[in-house]
């Protein structure tokens with residue numbers, strides 16, 4: 001398992017890192033490190049031929065998997081399909097899921113877990129353009 005590092009934080013933000021994704025191994029949850037209150041985010045990596053060692057489902061939270069590198073297979077209940085770098089998979093509540101790396105290189109992914117049906121606003125409906133001095 002990789003260790004998450006808190007790089008800096010303030011009253012309104014937290015900045016953490018799991019380090020180089022090319023060297024990342026294992027599974028790392030980041031909610032506690034960042035103080036997130038709306039979702040859980042985890043980074044995962046599977047070596048060639050490996051799968052998550054268990055199937056699981058969620059009662060209230062959907063999951064969104066983003067495949068960053070490698071390729072493999074994803075199973076939702078009785079359906080199996082190919083996944084690869086760039087794949088985005090949303091899995092609803094109340095169904096079993098698992099994934100397996102079939103590429104020669106490790107498969108690295110992000111999983112975002114949030115309460116199903118809770119998204120009340122999003123970028124185009126929740127955001128507003130503000131005026132601020134650019135310090136970048």
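Distance distribution note for the range 78-136: the fraction of Cα pairs above 19 angstrom is 57%.
Taking 0.36 nm per residue of sequence separation and removing the Cα-Cα distance, the residue 14/residue 135 pair yields an extension gain of 41.7 nm.
Expressed as a rounded percentage, what relative contact order does the chain have, with Cα pairs under 8 Å and six or more residues apart? Provide the component values of the computation, followed by the final result.
Numbers: 281 pairs, mean separation 33.0, N = 136.
Value for the chain: 24 percent.
Computed over every Cα-Cα pair of the chain and binned at 10 Å starting from 0, the pair-distance distribution P(r) comes out as 11, 35, 34, 16, 4, 0 percent.
As a proxy for reagent exposure, 15, 58 were ordered by neighbouring Cβ count within 10 angstrom, fewest first; the result is 15, 58.
Largest GNM mean-square fluctuation among 74, 54, 24, using the chain with Cα springs under 10 Å: 54. Could you work out which residue, out of 110, 67, 89, moves most in a Gaussian network model of the chain, that is, has the largest mean-square fluctuation with Cα springs under 10 Å? Among 110, 67, 89, the largest GNM mean-square fluctuation belongs to 89. Think of it as helices only: each DSSP H run of n ≥ 4 in the chain is worth -39500 (n - 2.57), and spread over all residues that comes to -1000 deg cm²/dmol at 222 nm.
Result for the chain in a Gaussian network model with C-alpha springs under 10 Å: among 125, 105, 34, the largest mean-square fluctuation is at 125.
Exposure proxy for 59, 115, 100: other Cβ atoms within 10 Å of each Cβ, ordered fewest to most, give 59, 115, 100.
In this calculation the C-beta distance from residue 80 to residue 39 is compared with R0 = 30 Å, giving a FRET efficiency of 0.65.
No value in this document is a laboratory result; all are computed from the given coordinates. In this text, all values refer to a predicted model and were calculated from it rather than measured experimentally. When we count neighbours, we look across all protein chains shown, and the Cβ atoms used for this are built from the backbone with ideal geometry, even at glycine.
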